[in-house]
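In what follows, a structure is listed as C-alpha cells, so that the remarks can point back to it.
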2 protein chains.
Amino acid sequence: MPIKITDVIVRDIRFPTSRSLDGSDAMNATSDYSATYVTLVTDAPDGLTGHGLTFTIGRGNDLCVEAVKALAALFVTGRTLESITENFGAYWHEIVAGDCQLRWVGPEKGVVHLATAAIINAIWDLWAKQQGKPIWKMLVDMSPEELVRCIDFTFITDVLTPSEAIAMLRRVAPGKAAREAEMQDTGYPGYTTAAGWLGYSEEKMRRLAREAVEAGWTHLKQKVGADIEQDMRRARILREELGWDRKLMMDANQTWDVDQAVANMRRLAEFDPWWIEEPTSPDDVLGHAAIRARIHPIGVATGEHAHNRVMFKQFFQAGGMDFCQLDPARLGGLNEVLAVVLMAAKFGVPVCPHGGGVGLCQYSQNVVLFDYIAVSASLEKRVLEYVDHLHENFIEPIVIRRGRYMPPKLPGYGVTMKPETLERFAYPHGAEWQA
Amino acid sequence: MPIKITDVIVRDIRFPTSRSLDGSDAMNATSDYSATYVTLVTDAPDGLTGHGLTFTIGRGNDLCVEAVKALAALFVTGRTLESITENFGAYWHEIVAGDCQLRWVGPEKGVVHLATAAIINAIWDLWAKQQGKPIWKMLVDMSPEELVRCIDFTFITDVLTPSEAIAMLRRVAPGKAAREAEMQDTGYPGYTTAAGWLGYSEEKMRRLAREAVEAGWTHLKQKVGADIEQDMRRARILREELGWDRKLMMDANQTWDVDQAVANMRRLAEFDPWWIEEPTSPDDVLGHAAIRARIHPIGVATGEHAHNRVMFKQFFQAGGMDFCQLDPARLGGLNEVLAVVLMAAKFGVPVCPHGGGVGLCQYSQNVVLFDYIAVSASLEKRVLEYVDHLHENFIEPIVIRRGRYMPPKLPGYGVTMKPETLERFAYPHGAEWQA
C-alpha cells in the first residue's frame, strides 16, 4: 500500500555551542550549531516518519525553516513516497526548479538549497526506514539503473551522462560484497577535528591532541587563518604530540586571498600539512586551482561550502581540489551528493565529506561507505571527519573504533533526534533557551 | 551634523505580472515581479529617508524581507550615515562577513545576499540624497581614492588591487567632463526586451517588434529555450521586422546543458544573433567558456544570476563572457557592483547590466553612466536593457529618447516608489492582493 506524506513538521533547533567555543574557527568565531529539522508524517499504519535536517550555525536557521515550509507546501505534503521515489531524479529536479519563484532566490544555493537538503534527506530517511535499511546499505543494494534514476543530470551532462554512470557502477559491482564485509569488520578511516578549534587554549589543544593519539587517531585537523604566528605555534605543538608519521591537516575556513594563502602555506609547509582546507572563497574554483598548483605537494581540500553539483563539476574540471569535501546538508540532499560522488570517481578525486556540525558525521558515514563499496572501490587518501560533540542528541550513536567509523545499523539516514532534544533545544521557546 | 538611521522599514511588495505573462521566459513561466523594499528612516531635520530594493519574482520575497530584518538589527539601525560611508568598503565587508551565523546560510549568495543588496543600495540612496545628486553623478564626482574606499577587495586581490584600481580611474579622468556632457546630450544606448517574452503570441510579438523599430530601437532581445522549433520561428519573425542591420539578441534563461546550448545556437546562428544570454547554469563559468569557444562569433552574455564578485572574477579569468550582465540587486549592492565594473574594465569586457524586473533599469542606468564617464570610457558593444513595465510605480520616470536612456536628474539611486504603490501592492494585505 502506498505511503502518503500527510504533514511536514519543521523545527528550529539550536545548541548553544558558542558558550564553550566548540566549533570556533577563523571565520566562525561564535557558532550556535543548529538544525532546520524536518519530520515527514505519513499515513502508514505503523506510524512511519522520515527525518532530515540541514545544518546552520544559528541566526539564519529561521530563514531555512520558512523556506522548508514554502517548498513543502508546493512539493511534499500530500505526495506518496512511491510517486517520489519511482523517478527520484525527476522529483529532485522538480523541487529545485519546478517553482520558478522560489528558484529565483537561489537558484540552487543559499537558504532555499539548504532547505531542499533537509526535505530531500528526510524523504531518503523515510524511504530507507520503509526498506528497513540504513541508507548506505540501501544504496549499496540498488542496481546501477536504480541509482542513476535518483540523479538529476541537468547541467552536468558535459562531464557525466547516465549511461556512463551506469557503466562506472557496473565495473566495480563484482567486489561489492567483499568490501561490505571489510567495512563491517574494520570500519572506515576517520580523522578528528576535536583538538583543533581556534577558541581552545594551547594547553587544552595539546591535551586533546594527546588524547586523540592515545585513542588511535592517525589524522588530526588544525584550524588556522586568524594569525599566522599563532598558526605556526599551534602546528608545532600538534607535531610534538602527533609525531611525523601521523597526518596533520589544516583548515583556514575561507579567510585568505589567493596570494595570501600561498604565502602562508609556504610558511606552514615545514609542519608537513597533508592538506589545506578552504584556503580562500568557496566559490573560487580557479583560485583554488591556482593555489593548488603553487603549493604542491600540499593538497587542497574544499567543498563544504560548494553549493551544488555545477560547482563541483568545475572544481574537478579545473583541478581545483585534491580532496572533495562535499557537505550532505548544503548540497540539495542525497540525490545531488550521488551526482558529485560519481563525478569525483570519474575524475579520480577522493571524497572526504564534511563532518561535524549537527548530524553531518551521521549523514557522511553513509556517503563514504556507499562510495567505497559501490563507486570508488578505494580507500586511498580517504578519511572521514569526526567531531565529537552533540552526538548524544541522536537516536543511534556513532561507533568509532580506534579512529575508524563502524557502519551504522539502524534503518534510515541516521539523523533522527531524541524527542527530549527536540523539546529542550527548540529555539527560542525550549528550556535551554529560556534559561 | 551626522545623520543617524533610526529605523529600517522593510516591505514585501508584489506586482501580479503573472496574469499577463509579462516577464515570461523558458525558466520563469509565471513571475509576480516583486521587491523587498527597504526604507531607512533617519533623524535628519528635513526627514531625509533612503530607499533600496532587491528584485524577486514572488514567493521567496518574504524570505528576503526576514533576512533584511536580521541584517538591519545587527548592522544598520542606530548607525550614523557618516560612520558607514567614511570607510564604506570596510562596512560592506562587515555586513557580508561580520556575522558568521548569517554568513553561513549564504555565504554571499542567495537570500542573505539579495537582502544585503536592498540594504546597501538604500544606504547609497540616502547618501546621494544627502549630497543632492543622482548616484551616477555622485560616483562620477568622487575622486579615485574615494571610490576605491567604497570597495571590499577581499577575494579579488589576485586580479585587482586598490592601487591598480586607482591608477585605472586616474587614466580616464581627463575625459570625464566631455563624456558627461555627451551623455546629457545624447543619452546611453538601450535595447528592448519588451517584444520578446515567451508567453506572448507570435502576433503580439510581431506587433511589438514593429513598434520598437518605429520607436527607434536598434537592438531587440528574444527569449528562447523552451522549444527550438518555436525559437526558430520567432527569430524569423523578428528578423522580418528588424531587418539585418539591427541587432537581435537571444536569452535562454539557463535552460540548456553545455552541449545542447552549442547545438541549438548553431541552428539559431542563421538569424545572426549578437549574443546568447544565460545559455546554461549561471554558476557554470567553465561551461560558458566552452560554449563561447564553440559558437564564435556569437557572443556569450551572462551575469544576472552571478551572485558575487568572485564569480565575475572567474568569468573574466576564464573568458566565459563577452558581455557582463551584472545585476545591481543580486550582487550585494553598489559597492560590489563597483568592484565588478572595475574588473570588467581591466579585462576589457563591456558591462551591459540586467534591466527589467522591478527597479533594475533604474539602478542600472546609474551604473552604465558611471562606467562610461569614469571607468571604461567606451560605448563599444555597450547597451542597457530596457523593459517597459512597472515604471509608473517610481517617483522619477525613466526617460528614453529614440532608444537611448537619458541621465536621471533626481537625487538618489532612482528606486523610490510612490506611497500609493507601497500601499496597493503590499503583499498579502494590499488592495491589489485582496481583490
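The values are calculated or read from the model by the stated rules, or taken from the named source; none is laboratory data. This structure is a prediction, so every number in the text was calculated from the model and none was measured. Ideal geometry is used to build each Cβ from the backbone, glycine not excepted, and the neighbour counts take in all protein chains shown.
One residue alone among A:ILE13, A:ILE3 is more than 10 Å from every other protein chain (Cβ to nearest Cβ), touching a residue at least 12 places away in the same chain (Cβ under 8 Å) and closer than 19 Å to A:TRP433 by Cα, and that residue is A:ILE13.
Of all strands (runs of 3 or more DSSP E) completely enclosed by the range A:1-76, which ones contain at least 1 residues that are outside the structural domain of A:GLY199 (by TED's automatic domain parsing) and acidic (Asp, Glu)? So that I can check it myself, show each step before the final result.
Values: elements: A:5-14, A:34-42, A:49-56.
Per the criteria, A:5-14.
Could you count how many residues in the range A:243-277 are under 26 Å from the mean Cα position of the chain (by Cα) and not charged (D, E, K, R)? The number of residues fulfilling the criteria is 15.
Is it true that A:TRP104 is surrounded by 18 or more Cβ atoms within 10 Å (Cβ to Cβ) and without any contact (Cβ under 8 Å) to a residue 24 or more places away in the chain? Explain how you work it out, then say what you get.
On the way: surrounded by 18 or more Cβ atoms within 10 Å (Cβ to Cβ): yes; without any contact (Cβ under 8 Å) to a residue 24 or more places away in the chain: yes.
So A:TRP104 fits the description; yes.
Out of everything in the range B:1-49 that is of a type in the set (Asp, Glu) and over 20 Å from B:THR416 (Cα atoms), what residue ends up being surrounded by the most Cβ atoms within 10 Å (Cβ to Cβ)? Spell out how you get there, then give the answer.
We begin by selecting, within the range B:1-49, every residue of a type in the set (Asp, Glu); these are B:7, B:12, B:22, B:25, B:32, B:43, B:46.
Okay, now just the ones that are also over 20 Å from B:THR416 (Cα atoms), so B:22, B:25.
Working: B:ASP22: 20, B:ASP25: 24.
Ranking the candidates gives B:ASP25 first.
Could you check how many residues of the range A:407-423 are of a type in the set (A, V, I, L, M), touching a Phe, Trp or Tyr at 6+ places or on another chain (Cβ under 8 Å) and closer than 30 Å to A:PRO189 by Cβ? Count: 2. When you look at B:HIS113, is it within 12 Å of another protein chain (Cβ to nearest Cβ) and either closer than 21 Å to B:VAL415 by Cβ or surrounded by fewer than 24 Cβ atoms within 10 Å (Cβ to Cβ) (or both), yes or no? So B:HIS113 passes the test.
On inspection, A:ASP227 fails the criterion of being buried (at least 22 other Cβ atoms within 10 Å of the Cβ) and of a type in the set (D, E, K, R). For the range A:410-424, the set of residues classified as touching a residue at least 60 places away in the same chain (Cβ under 8 Å) and closer than 21 Å to A:ILE120 by Cα consists of A:LEU410, A:PRO411, A:GLY412, A:TYR413, A:GLY414, A:VAL415, A:THR416, A:MET417, A:LEU422, listed by residue number. Residue-level analysis places B:LEU169 outside the set of residues that are crowded, with 16+ Cβ neighbours inside 10 Å and touching a Lys or Arg at 6+ places or on another chain (Cβ under 8 Å).
When the residues of the range A:283-311 are filtered to those that are hydrophobic (A, V, I, L, M, F, W, C) and within 14 Å of the chain's Cα centre (by Cα), the one that is nearest to the other protein chains (Cβ to nearest Cβ) is A:ALA306. From the list B:ASP158, B:ASP125, the lone residue that is of a type in the set (Asp, Glu) and either at pLDDT below 95 or out of contact with any helix residue (DSSP H, G or I) (no Cβ under 7 Å at 6 or more places or on another chain) (or both) is B:ASP125. For the range A:128-151, filtered to residues that are charged (D, E, K, R) and buried (at least 19 other Cβ atoms within 10 Å of the Cβ), the residue that is farthest from the other protein chains (Cβ to nearest Cβ) is A:LYS137. Within the range B:58-77, the residues that satisfy the criterion of being in contact with a strand residue (DSSP E or B) (Cβ under 7 Å, 6 or more places away or on another chain) and over 23 Å from B:ILE151 (Cα atoms) are B:GLY58, B:ASN61, B:ASP62, B:CYS64, B:VAL65, B:LYS69.
A residue that is over 27 Å from A:GLN314 (Cα atoms), touching a strand residue (DSSP E or B) at 6+ places or on another chain (Cβ under 9 Å) and acidic (Asp, Glu) occurs nowhere in the range A:186-202.
For the range B:312-335, filtered to residues that are of a type outside the set (Gly, Ala, Ser), within 13 Å of chain A (Cβ to nearest Cβ) and in a helix (DSSP H, G or I), the residue that is surrounded by the most Cβ atoms within 10 Å (Cβ to Cβ) is B:PHE312. The set of residues from the range A:192-208 being more than 17 Å from A:GLY356 (Cα to Cα) and either in contact with a Pro (Cβ under 7 Å, 6 or more places away or on another chain) or surrounded by 14 or more Cβ atoms within 10 Å (Cβ to Cβ) (or both) comprises A:MET205, A:ARG206, A:ARG207.
Tally time: how many residues in the range A:259-277 are within 11 Å of chain B (Cβ to nearest Cβ) and surrounded by 24 or more Cβ atoms within 10 Å (Cβ to Cβ)? Looking only at that region, the number is 1.
Within the range A:152-190, the set of residues being more than 30 Å from A:GLY216 (Cα to Cα), more than 14 Å from chain B (Cβ to nearest Cβ) and part of a loop (DSSP other than H, G, I, E, B) is empty.
Rundown of residues vs (1) of a type outside the set (Val, Ile, Thr); (2) under 13 Å from A:GLY187 (Cα atoms); (3) not assigned by TED's automatic domain parsing to the domain that holds A:PRO328, yes/no style:
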site: A:VAL375; (1), (2), (3): no, no, no
site: A:LEU379; (1), (2), (3): yes, yes, no
site: A:ILE395; (1), (2), (3): no, no, no
site: A:PHE425; (1), (2), (3): yes, no, yes
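Looking at the range A:63-82, which of its residues are basic (Lys, Arg) and either within 14 Å of chain B (Cβ to nearest Cβ) or more than 22 Å from A:ARG11 (Cβ to Cβ) (or both)?
Of all residues in the range A:63-82, those basic (Lys, Arg) come to A:69, A:79.
Of everything in the range A:63-82, just one residue is basic (Lys, Arg) and either within 14 Å of chain B (Cβ to nearest Cβ) or more than 22 Å from A:ARG11 (Cβ to Cβ) (or both), namely A:LYS69.
Got a number for residues in the range A:50-59 being under 25 Å from A:PRO419 (Cβ atoms) and within 8 Å of another protein chain (Cβ to nearest Cβ)? Let's see the steps before the verdict.
Of the residues in the range A:50-59, the ones under 25 Å from A:PRO419 (Cβ atoms) are A:50-58.
Still in the running and within 8 Å of another protein chain (Cβ to nearest Cβ): A:56-58.
Residues in the range A:50-59 being under 25 Å from A:PRO419 (Cβ atoms) and within 8 Å of another protein chain (Cβ to nearest Cβ): 3 in total.
For the range A:35-43, the criterion of being within 13 Å of chain B (Cβ to nearest Cβ) and within 18 Å of A:ARG330 (Cβ to Cβ) is met by at least one residue. Looking across the range B:85-94 at every residue that is assigned to a helix (DSSP H, G or I) and without any contact (Cβ under 8 Å) to a residue 40 or more places away in the chain, the one that is nearest to B:GLU66 (Cα to Cα) is identified as B:GLU94.
Evaluate the range B:83-99: report whether one residue or more is under 30 Å from A:LEU74 (Cα atoms), surrounded by 19 or more Cβ atoms within 10 Å (Cβ to Cβ) and within 14 Å of chain A (Cβ to nearest Cβ).
So far as the range B:83-99 goes, no, none of its residues is under 30 Å from A:LEU74 (Cα atoms), surrounded by 19 or more Cβ atoms within 10 Å (Cβ to Cβ) and within 14 Å of chain A (Cβ to nearest Cβ).
Only one of the numbered conditions (1) within 11 Å of chain B (Cβ to nearest Cβ); (2) closer than 30 Å to B:SER34 by Cβ is violated by A:ALA29, and that is (2).
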